[in-house]
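I have placed the structure first, in the form of structure tokens, so that the comments after it can refer back to it.
Read the figures in this text as sums done on the coordinates, not as results from a lab. A quick note: this is a predicted structure, and the numbers were derived from the prediction, not measured. Ideal geometry is used to build each Cβ from the backbone, glycine not excepted, and the neighbour counts take in all protein chains shown.
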Amino acid sequence: MQLTNERIRERLNEKFGDVLSEWGDPYGMLTFTAQKDFNLKVLQFLFDDEELRFRFLTDLQAVHYPKRVGEELAVVYHLHNHIDNVRIRMKVYTPVEKPDVFSATALYAGANWMERETYDFYGVNFVGHPNLIRVLNVEEMDYFPMRKEFPLEDQTRVDKDDEMFGR
Amino acid sequence: MSDHITLAEGNLEKTTTTLNLGPTHPATHGVFQNIIELDGEKILKATSTVGYIHRAFEKISERRNLYQITTLTDRLNYCSSPINNMGWHMTCEKLLGVKTPKRVDYLRVIIMELARISDHLICNSIVGVDSGAYSGFLYLMQYREMIYEIYEEVCGARITTNIGRIGGFERNFNNKCFEILDKFLVEYPKQLKEFERLFVRNRIFMERTIGCGPISAERALNYGFTGPNLRAAGVDYDVRVHTPYSSYEDFDFTIPVGSTGDCYDRFLVRQEEMWQSISIIRQAYQKVKEFKGADAEVYHADVPEYYLPPKEDVYTKMEALIYHFKIIMGEIDMPVGEVYHSVEGANGELGFYLVSDGSRSPYRVHFRRPCFIYYQAYPELIKGGMLSDAIITMSSLNLIAGELDA
């Protein structure tokens, strides 16, 4: 039997019910949000279940939504079932003041650097990560540069006068 | 004389050597640092540091219009930038709902497969260089030059190509371009065959690479390997087949797989992929030739909102002037949505995650760089091996610093 988005949704609903919400399928990819404390349980279920078999972590990153007060940071998991060739996207929202999310490193070795990168740019604290340090930026950096409170320089600004750089 | 050299605690009893491999070591072919703990020549432990050429592409993308981000993708895997460019265009097209004509798809396939050849060719000949056989590198290098000449005819650039536009190509392929392609398709297979004769059954090369830096299929999947490195471990996952894009479903080709995931298998998988790419290019070229009349001149989709009008129209027609202005100033509103699109890059699944909030630049862009994800397995791959195996493992993984750091 083909594994359709409806079937995945049904299977996950049976198991988790209210834990999952915000269902959708933008551009054909099933997307849902899991409650923060359940992220690892859902990932484990998706991994172990004989029908779902989402055993490949394609990508992991965060998105900052300053307007969603109380749940500003979204950690986005892209999972892939190689056998049935289906992809899904799972999101977990966490407040920016206390951005603790359980780490998926025990399940996927590849999550190690992806989580370090996410921590590096958004400051998401992955609880249970063996080595949560910055990966691309310098270690001394004391802020998380991809958050929306750090806008890029306005390209049309005129108040800068730096002859050396031709501005 | 108060300045005595003080040694760290336990240093005299230490029986191992700490070696800094990189960040600027000629044998690492890029800026990577590895702090290696050695017992004689045997590697006990390695710690990787990356980020030396991090350029904050994802952050910069949040400020730019879609067409300006293409130049950033060039600089990810700069050995095969056209694949990155095409991947980005296809992501934008998916978001904007642009459908490309068949001829554009086939031309894209030609360019992408040429890029794959140029990438694998570098990787495999560098594996040769690092194992002491320099001549193979010189044999193949002239054909990369030929590929670059084809890029030049299409887009005017060679390495950081910025090739193509949303909806198609900036200009049609000219006759010169097809001439070089004809020449390439005749000469390159001969040279590749000769290259294979130098390496594949060469006793020295085999001794040097078999069993060097191996990984099992389970570990490779767990680490998120994709592309030739995963296929060398025996998993037949290829985005071109699993989620066909750009009409890859119209072509007949096979996915080579290895079994042990060591350097030799990675070499053979890349070698076979080059043969498959040549075959795909031939098929695509044949399909391109079959277009007749007006169809044979199509090189972009009819999407004036996203595709720049011809310059002479801009000077003479009102509509064209408006579109030109809107596109250049980035005044194109994107639909709200989030899209993930991936292409089979030379190193594996190159994914683009684009979140749009309906403004004129992306809300968030994330590049899934295959290099970054599989490089974390490097310490595990080289552990227990010799120092010289570490060098050859690194080159056979085909690490590209630009893709690693983004």
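Counting only other chains, and only Cβ atoms inside 10 Å, what mean value do you get across the residues of A:50-61?
For this peptide, the per-residue mean of nearby foreign Cβ atoms is 4.
What whole number of Å gives the distance from the Cα centroid of the range A:23-39 to the Cα centroid of the range B:150-165?
39
Under 16 Å from the Cα of B:LYS45, which lysines turn up, not counting those fewer than eight places away in the same chain?
B:LYS14, B:LYS383
With the cut-off at 18 Å, tell me which of the pairs B:LYS102/B:LYS311; A:LYS41/A:LYS148; B:LYS193/B:LYS289; A:LYS36/A:LYS98 have Cα atoms farther apart than that.
Violating the 18 Å Cα-Cα cut-off are B:LYS102/B:LYS311; A:LYS41/A:LYS148; B:LYS193/B:LYS289.
Can you give the longest run of chain B that contains no GluC sites (Glu not before Pro) sitting in a DSSP loop with at most 13 other Cβ atoms inside 10 Å? Working shown, then result.
Values: sites that count: B:GLU9, B:GLU13, B:GLU41, B:GLU290, B:GLU305, B:GLU331.
No qualifying site falls inside B:42-289, the longest such stretch.
State log₁₀ I(q)/I(0) for the range B:57-405 at q = 0.07, 0.12, 0.14 Å⁻¹ as given by the Debye formula over alpha-carbon point scatterers of equal weight, solvent excluded.
So the normalised log intensities work out to -0.30, -0.86, -1.13.
To the nearest Å, what is the center-to-center distance of the range A:110-154 and the range B:1-80, using C-alpha atoms only?
Between the Cα centres of the range A:110-154 and the range B:1-80 lies a distance of 18 Å.
Summing -39500 (n - 2.57) over the DSSP H runs of n ≥ 4 in chain A and dividing by its residue number, what mean residue ellipticity at 222 nm do you reach, to the nearest 500 deg cm²/dmol?
About -6000 deg cm²/dmol.
Quick one: length gained pulling B:MET329 to B:THR17 fully straight, 0.36 nm per residue minus the C-alpha distance?
106.6 nm
Using all C-alpha to C-alpha distances in the protein assembly as shown, build P(r) with 20 Å bins and read off the rounded percent in each one.
Calculated over all Cα pairs of the protein assembly as shown, the distribution is 20, 53, 26, 2, 0 percent.
What residues have an amide H closer than 5 Å to that of B:VAL31, excluding those fewer than 5 places away on the same chain, when H is modeled at 1.01 Å from N in the peptide plane?
B:ALA401
Lys/Arg Cβ at +1, Asp/Glu Cβ at -1, dipole of the protein assembly as shown taken about the Cα centre: which of B:PRO310, B:VAL343, B:PRO23 is farthest positive-ward?
Towards the positive end, the residue furthest out is B:PRO310.
Given A:TYR27, A:MET114, A:GLY17, which one lies farthest toward the positive end of the charge dipole of the range A:1-124, if we put +1 on the Cβ of every Lys and Arg and -1 on the Cβ of every Asp and Glu?
Checking the options against the dipole of the range A:1-124, the answer is A:TYR27.
Could you work out [θ]222 nm for chain B from helices alone, using -39500 (n - 2.57) per DSSP H run of at least four and dividing by all its residues? Round to the nearest 500 deg cm²/dmol. Numbers along the way, then the final one.
Values: 17 runs with 198 residues, N = 406.
Dividing the helical sum by the residues of chain B leaves -15000 deg cm²/dmol.
What is the projected area of the convex hull of the Cα atoms of chain A, averaged over all directions, in nm²?
12.8
Please give the average number of partner chain Cβ atoms lying within 10 Å of the Cβ of each residue in B:222-228, rounded to a whole number. Can you show the working numbers first?
Working: counts 8, 7, 13, 2, 3, 0, 0.
Shielding by partners across B:222-228 averages 5.
Looking at A:ALA104, B:PHE372, B:PHE137, which one has the Cα that reaches farthest to the positive end of the dipole of the protein assembly as shown (charges on Cβ: Lys, Arg +1; Asp, Glu -1)?
The one lying farthest along the dipole's positive direction is B:PHE137.
Take the Cα gyration tensor of the range B:9-145, multiply each eigenvalue by 5, square-root it, and list the three semi-axes largest first, rounded to whole angstrom. Could you put the intermediate results ahead of the total?
Numbers: eigenvalues 315, 105, 22 Å².
Over the Cα atoms of the range B:9-145, the ellipsoid semi-axes are 40, 23, 10 Å.
List the trypsin sites (Lys or Arg not before Pro) within the range B:182-216 that DSSP assigns to loop and that have no more than 13 neighbouring Cβ atoms inside 10 Å.
Numbers: sites: B:LYS183, B:LYS190, B:LYS193, B:ARG197, B:ARG201, B:ARG203, B:ARG208; in loops: B:ARG201.
Counting only loop positions with at most 13 other Cβ atoms within 10 Å, the trypsin sites (Lys or Arg not before Pro) in the range B:182-216 are B:ARG201.
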